[in-house]
1. Of the residues that make up the stretch 174-192, is at least one touching a helix residue (DSSP H, G or I) at 6+ places or on another chain (Cβ under 6 Å), crowded, with 21+ Cβ neighbours inside 10 Å and under 21 Å from TYR67 (Cβ atoms)?
2. For the stretch 55-67, name all the residues that are surrounded by 14 or more Cβ atoms within 10 Å (Cβ to Cβ) and either of a type outside the set (Phe, Trp, Tyr) or not in a strand (DSSP E or B) (or both).
3. If you scan the stretch 182-198, which residues turn out to be closer than 17 Å to LEU55 by Cα and out of contact with any Leu (no Cβ under 8 Å at 6 or more places or on another chain)?
4. Which number in (1) modelled with pLDDT under 50; (2) over 20 Å from the mean Cα position of the chain (by Cα); (3) not hydrophobic (A, V, I, L, M, F, W, C) marks the one condition that ARG197 misses?
5. Right, LEU181: part of a strand (DSSP E or B) and hydrophobic (A, V, I, L, M, F, W, C) or not?
6. Across the stretch 136-160, what is the total count of residues that are over 25 Å from VAL195 (Cβ atoms), surrounded by 19 or more Cβ atoms within 10 Å (Cβ to Cβ) and in contact (Cβ under 8 Å) with a residue 60 or more places away in the chain?
Amino acid sequence: MKLLGKGQTRVCYLLAAAVVAFTPLAANAVPLNFTFTGAIDRFSLWGSASGAGDLNVGDSVSGSFTYDGSIVPDGFVFADDGISNFSITVDGFSYTATGTSRALLYDDWMLGSSSPVVDLFIAQSGPLNGPNQGGLPPFIAQFSLRTTSNLSIFQAGVSPSLGDFQQLIIDNESDFNTNFLTFADFRVNPDDRIVARFNLTGVTVSTTDPAVPLSAPATLPLMAAGLGLLGFIARRRKG
């Protein structure tokens, strides 16, 4: 059995380096960090709730959360456990979610039959810890972005990239009906609820973590090309 010559060995090293260097990275599969600001626009009171405690219309709202880009929703709707580190502060009162919760992504979403078809992203918090308001404990918070037109940003089975979300922010239509912080105790009385609805005034999204490498099958075309070149060299040497 003949060993490869020096020239052929050099080619092998170059091929191995090419496989490593040019294997594409899954740029979408990274945690994306969102921060947002807003202001309370209105309150919705349900059941026996008669007021919103220390909160008022016009109070400032700020918050942040992380979207796990490695979790791709089937059918572009639910991405369970896609949201973590959700926190929201309203007029100095801070609320922090426990555990993870869900992200919702829609390519073709309509508010009503006469509404335009748009793109929509929703981040829901898990159960919240923080001070009561109006005698009710914090229950859940929701942040959302929707476009003014159908940009078809989201695709089934494809994780949105940082650029997708940046475009979504640029074209965002803020809506207090889809941004809210709810106070309720459904174990005591499910009809008693206070919903503080807010409009967004600013949103940023960024990532600091490196992309996750693609799995082994993604490198197979490069490996096949390398093996084919080695076979060509071997045939020339034999001939």
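1. The answer is no; no qualifying residue exists.
2. We begin by selecting, within the stretch 55-67, every residue surrounded by 14 or more Cβ atoms within 10 Å (Cβ to Cβ); these are 55, 59-67.
Answer for the stretch 55-67, where residues must be surrounded by 14 or more Cβ atoms within 10 Å (Cβ to Cβ) and either of a type outside the set (Phe, Trp, Tyr) or not in a strand (DSSP E or B) (or both): LEU55, ASP59, SER60, VAL61, SER62, GLY63, SER64, THR66.
3. Once the filter is applied, which keeps residues that are closer than 17 Å to LEU55 by Cα and out of contact with any Leu (no Cβ under 8 Å at 6 or more places or on another chain), the stretch 182-198 yields THR182, ARG197.
4. Every listed condition holds for ARG197 apart from (1).
5. Values: part of a strand (DSSP E or B): yes; hydrophobic (A, V, I, L, M, F, W, C): yes.
Answer is yes for this residue.
6. The number of residues fulfilling the criteria is 3.
The values are calculated or read from the model by the stated rules, or taken from the named source; none is laboratory data. Just so we're clear, the structure is a prediction, and the values are computed from it rather than from any experiment. Virtual Cβ from ideal backbone geometry, glycine too; neighbours counted across all protein chains shown.
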